[in-house]
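Computed from the coordinates by the stated procedures, all read-outs in this text should not be read as laboratory data. Everything quoted here is computed from the prediction, not taken from an experiment. Cβ atoms come from the backbone with ideal geometry, glycine included; neighbour counts cover every protein chain shown.
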Amino acid sequence: MAQRGETVTYTFSGDKETEDISNIDEITIDRMDGADGGDDNGTGGSGGLIEGATVDVSNYDVLEIWVGEKGGSGYTAGEGGFGRFDGGDDFNSDVGGPGGGGGGGSTELVAKDTSTGETVFIAAADAGGGGDDIIQSVAPVR
């Protein structure tokens, strides 16, 4: 259970985290990073960033924390990363050869009131898109 004035850091675990916030009136998001997209020959997109946001959570008793996963490399099937909403897969990676990188999974906070079932979206740091699968070559000029 998180306590008032306590700083809690969450990192990617592969699953949703939950925190009892029944004794907390507000939370401050010091820094919330979105997952990067996977890369291949191109670089995957960077995830979003939220800093210094304060949110009233006095009407809720549980906080769901989804820490997104970086998208997979095109050399390892280009799978989308885990998140509240998983990142997109690269469809070319299934047909042989390298494909593009997968998109990162979403990093999100959701508050719930377990007695009423009410859910409210708090914040999301969007994930980056996967890198391209363009193979570039340079031919000598004669």
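Things to note:
- Residue order, fewest to most surrounding Cβ atoms within 10 angstrom, among Val67, Val55: Val55, Val67
- Placing unit charges on each Cβ (+1 for Lys and Arg, -1 for Asp and Glu) gives segment 17-125 a dipole about its Cα centre, and among Gly44, Gly104, Trp66 the Cα reaching farthest toward its positive end belongs to Gly44.
- When only the Cβ of Lys, Arg, Asp and Glu is charged (+1, +1, -1, -1), the dipole of segment 17-125 relative to its Cα centre reaches about 280 debye.
- Net dipole in debye of segment 5-71 [+1 Lys, Arg Cβ; -1 Asp, Glu Cβ; about Cα centre; nearest 20]: 200 debye
- Amide H contacts under 5 Å for Thr107: Ala35, Gly68, Ala125, Ala127, restricted to partners 5 or more places along the chain or on a different chain, H placed in the peptide plane at 1.01 Å from N.
- Per-residue Cβ neighbour rank within 10 angstrom, fewest leading, Leu109, Leu63, Leu49: Leu49, Leu63, Leu109
- Anisotropy class of segment 17-125 from Cα gyration tensor, a/c 1.5 cut: prolate
- Arranged from fewest to most other beta-carbon atoms within 10 Å of their beta carbon, Thr9, Thr116 become Thr9, Thr116.
- Compared with the alpha-carbon gap, the fully stretched path from Glu26 to Val120 is longer by 32.5 nm at 0.36 nm per residue.
- Distant-in-sequence amide H partners of Ala53 (H built 1.01 Å from N, under 5 Å): Ile29
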